[in-house]
Structure formats: structure tokens, C-alpha cells
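Written below as C-alpha cells is the structure these notes are about.
The values are calculated or read from the model by the stated rules, or taken from the named source; none is laboratory data. None of the values given here were measured: they were computed from a predicted structure. Neighbour counts run over all protein chains shown; Cβ positions are idealised from the backbone, glycine included.
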Amino acid sequence: MKLSPDYAVIVAQTAGVVAEHAEEITTVFYADMFEAHPGLLNVFNRANQEIGEQPKALAASVVAFAVHLVDPESPDFTPVMRRIAHKHVSLGIQASEYTIVGRYLLGAVKKVLGEAVTAEVAAAWDEVYWLFGTALIAEEGRLYAQAGTDPQQPWRPYRVVERFEESDEVFSLLLSPVEGSVPSHHTGQYVAIAVDLPEGLRQPRQYTISSGPRGDSLRVTIKRVHGLRGAPDGQVSGWLHEHAQPGTVLDVSQPAGDVVLDDSETPLVLVSAGIGITPVAAIMEDLSRRQPGRTVRLFHADRSHAHHALYDGLRRQVLAMPDARAQNWYEEGAETAPTLYPARAGFMDLSDVELPGEATVFMCGPLPFMQIARRSLMEQGVDSDNIHYEVFGPDLWAQQPG
């Protein structure tokens, strides 16, 4: 995948300017595209649009891809590309929509940068976009075909079979397809659930499959989002909290996600915070059944033991595995928390934990939390290539320091 030689020179010369204005460009792009194609608002997370996270993520991705094309020393973009493709497949993105995105994205570049965008500059960045877009279309087509999904009909009806209240603000839904079986999937993947909200709005949200592969059903564990500092409450999590009961039928995507459990015997270190416990729960359920002898260390941070979702199941699985250990950190009530191993007070601190050698690390939680945990693990000698993460919402990892 290479740019034309003349365009490569232009992109190298202009990448800095585009990067400097990238967030402004993507903000203009989304506004113009949604004005012309309001139906696309049903595909994109409106909350992420309102707080600006989606434009930041798109800006970072496009610029990183362009740099990858012109700088042979830049990081490999393949993992980022793969991650974006999985996100798109879970949202039912179709190949035809890339034409719309390309038109308004290049239009936004011209609108923001003005006369600096000559015909040659526009053509060079158009080629960047279409190299980006065609690579994603190909990977997404492969993922759709692999799962037997018709891209024109990406949603399947699932019925809520059971509901479990995990805490005051977290609940689990056991979902079973109305027809057929659950597509084969890997432990650690997620699905999107799309709901029809009041005033004709339709919104998708992605939730980790918090159970191991079962064939006839899957479990998702959802935290009801309460808006902070003036932000609105979560629309989809709030709707599901109020309305998703046994018998409710929901539109669910095919399973997606590239951060998955492998079948090796490598020791595992699982690091999570809050609702980031969901992929950890799936991994532990799977391991306790298929690889009970594997070395596992669980490190989890939460507000309190009462807020620690899925704790009882995790406790059973740790007890059933001879070389599994868990350490929890609670901001409140750590001293009296009825946990398997004594909880520590305050925020997670991995500086003095004992780690198995040559471990693979999976992390899930807020980005600042994962950045701190990653630095701490690397200071203890964990290779950065062995640290994998899952982020809920737009992937802003590349914009975070460290």
C-alpha cells in the first residue's frame, strides 16, 4: 500500500499542517456530513460527537495513517486499521458510506485550510483517504463474510432471556438469538446493541460479551451511564436499564473485536477498572473451563466492593484455578470489604505487585487509568508489545501521553 511518488512528497510536506488543524477539520466534516445526511446520525454515537471524542479519534487515525504512508520509520498502522474495522463491523458500516465520508472529509480540508489546498494537495490527500478507505472496506468485507453476515442486514434480533442486577448501576442481560445460534466468537469480543429511542432516534452502543463462548446465548454487562459535569446521562444504557427485561427483543450486531484470549499457556495479567471488568469476566469463565491450570493474576480497581460487578463469579473461578490470584483496590471501604484476598485502599498501584515472568497483559478501563497502569508495568520490565488493551468508545490512545 503506497502513495504515488509525487503525492507522497506533497503529503510529507503538508502532513504537519493537516495534523495541526486535524481536529478542526474533522469537526467541520461531521457537521457538514450530518447536515446533508442526517440518517448517518443513527450510525454514530451522538454522545461522542457532542463531547468531541469522535472527531479527535478520526483526526488521530487519518493523520497517523498518512504518516505511516510517507515515513518508513513510523509505527505499523495495521493494528489500528484492524481495530477500526472491527468497530465498523459492529456498527454495520457499509462500503457505500465511504464515498459519502470521503466527499465531506476532503471538503472539510479545503474549507479549513483554504487556499493552501491546491489541486495537487487535494488530489494527494484524496489518495490518502482512498488508500485508507479501501483497506478498511476489504478488511470489513472479510469480517462480514467470516461471520456469515449480510452487510445490508447487519443486525439480528436477540431476545433477553434473563436479567441480573449486578449492583445499583450495573446489570447483565443474557441474550439468545430469536432464530439460529450465536455466531462463533472469541473471548474478549463485544457486540453492539441498537435501540430506538424517543423522538425517532436510533443509537448503537458496544458492550463486551462478559461470558465465555456458549453457542446458544451470550451475556452483556452494562453500566448505566450518569452524566458528569453537565454531560447528559447515557441514552442507550438508560433505555436498556429501564426497558430491557426478559422477553424484550433487541437488535444485536455480530461479535467483533481484536483483543481476544489466545490458546497459549503464557501467564496472563488482567488489569481492569470499573465496568472494564467485563472482558476479564469472560476471560476467566473461559479459562476456568478450558485452561484451569494457566497462571493468571487479576488486578482490579473500583469505587467500592458494592460497585465491583461480577465479583461472585470471578471469586468462584479464581478459587477453582490453582495458580490464579486476585488483588482489588477500592476507593471506599477497602478495610472491611469481604473479598477473597484483602483489598487495598485507594487507587490501583502496580509498582509493588508480583508479576509472573513473560506474561501477556490485557487491560480494560478508562484511558488515563490504562496509561498509568501501562507505564507501571513497563517499569517492572513488561515488554510494551505484550500489553494489549480494550477501550470503550472512540480510541484516543494515540492522543494520550506515555
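Name every residue in segment 295-333 that is under 23 Å from F171 (Cα atoms), among the small types (G, A, S) and not in a loop (DSSP other than H, G, I, E, B), in order of residue number.
Within segment 295-333, A301, A306, G313, A326 meet the criteria.
In segment 159-179, is there at least one residue being under 24 Å from Y311 (Cβ atoms) and among the small types (G, A, S)?
Narrowing segment 159-179 to residues under 24 Å from Y311 (Cβ atoms): 160-175.
Filter again for among the small types (G, A, S), leaving 167, 172.
Yes, segment 159-179 contains a residue that is under 24 Å from Y311 (Cβ atoms) and among the small types (G, A, S).
Residues of segment 135-170 being of a type in the set (K, R) and either touching a strand residue (DSSP E or B) at 6+ places or on another chain (Cβ under 9 Å) or not in a helix (DSSP H, G or I) (or both), which ones?
Looking only at segment 135-170, we keep the residues that are of a type in the set (K, R), and these are 142, 156, 159, 163.
Passing the criteria: R156, R159, R163.
Kindly indicate the residue of segment 262-286 that is hydrophobic (A, V, I, L, M, F, W, C) and within 16 Å of H185 (Cβ to Cβ) and also surrounded by the fewest Cβ atoms within 10 Å (Cβ to Cβ) among those meeting that condition.
I283
Which of (1) in a helix (DSSP H, G or I); (2) outside the structural domain of M81 (by TED's automatic domain parsing); (3) hydrophobic (A, V, I, L, M, F, W, C) does I193 not meet, given it meets every other one?
Condition not satisfied by I193: (1).
If I filter segment 135-155 for residues that are surrounded by 15 or more Cβ atoms within 10 Å (Cβ to Cβ), of a type in the set (S, T, N, Q) and modelled with pLDDT of 95 or more, do I get at least one hit?
no
Looking at P255, P279 in this structure, which one is of a type outside the set (K, R), within 28 Å of I93 (Cα to Cα) and touching a Pro at 6+ places or on another chain (Cβ under 7 Å)? Walk me through it before giving the result.
On the way: P279 fails: touching a Pro at 6+ places or on another chain (Cβ under 7 Å).
Step by step, each of P255, P279 is checked, and only P255 is of a type outside the set (K, R), within 28 Å of I93 (Cα to Cα) and touching a Pro at 6+ places or on another chain (Cβ under 7 Å).
If you go through segment 288-323 one residue at a time, how many are among the aliphatic types (A, V, I, L, M), at negative phi and touching a residue at least 60 places away in the same chain (Cβ under 8 Å)?
Taking segment 288-323 as the starting set, the residues that turn out to be among the aliphatic types (A, V, I, L, M) are 296, 298, 301, 306, 309-310, 314, 318-321.
Checking which are at negative phi leaves us with 296, 298, 301, 306, 309, 314, 318-321.
Adding the requirement that they be touching a residue at least 60 places away in the same chain (Cβ under 8 Å) leaves 301, 306, 309.
Summing the residues that are among the aliphatic types (A, V, I, L, M), at negative phi and touching a residue at least 60 places away in the same chain (Cβ under 8 Å) in segment 288-323 gives 3.
Is it the case that some residue within segment 34-52 is assigned to a helix (DSSP H, G or I), among the aromatic types (F, W, Y), farther than 21 Å from A138 by Cβ and in contact with a Gly (Cβ under 9 Å, 6 or more places away or on another chain)? Walk me through how you get there before you give the answer.
Restricting attention to segment 34-52, the residues satisfying the condition of being assigned to a helix (DSSP H, G or I) are 34-36, 38-42, 46-50.
If we keep only those that are among the aromatic types (F, W, Y) too, we end up with 34.
The next check asks that each one be farther than 21 Å from A138 by Cβ; those that pass are 34.
So of that shortlist, the ones also in contact with a Gly (Cβ under 9 Å, 6 or more places away or on another chain) come out as none.
Scanning segment 34-52 turns up no residue that is assigned to a helix (DSSP H, G or I), among the aromatic types (F, W, Y), farther than 21 Å from A138 by Cβ and in contact with a Gly (Cβ under 9 Å, 6 or more places away or on another chain).
Which one of R214, R224 is modelled with pLDDT under 90, closer than 29 Å to I283 by Cβ and either surrounded by 13 or more Cβ atoms within 10 Å (Cβ to Cβ) or touching a Leu at 6+ places or on another chain (Cβ under 8 Å) (or both)? Outline the logic, then answer.
On the way: R224 fails: modelled with pLDDT under 90.
Answer to the check: R214.
Quick check on segment 89-134: of everything there that is of a type in the set (V, I, T) and outside any helix (DSSP H, G or I), which residue is surrounded by the fewest Cβ atoms within 10 Å (Cβ to Cβ)? Quick ask: steps written out before the conclusion?
Here is the first cut: in segment 89-134, the ones of a type in the set (V, I, T) are 89, 93, 99-101, 109, 112, 117-118, 121, 128, 134.
Now restrict to residues that are outside any helix (DSSP H, G or I): 93, 117-118.
Working: I93: 22, V117: 19, T118: 11.
The residue in question is T118.
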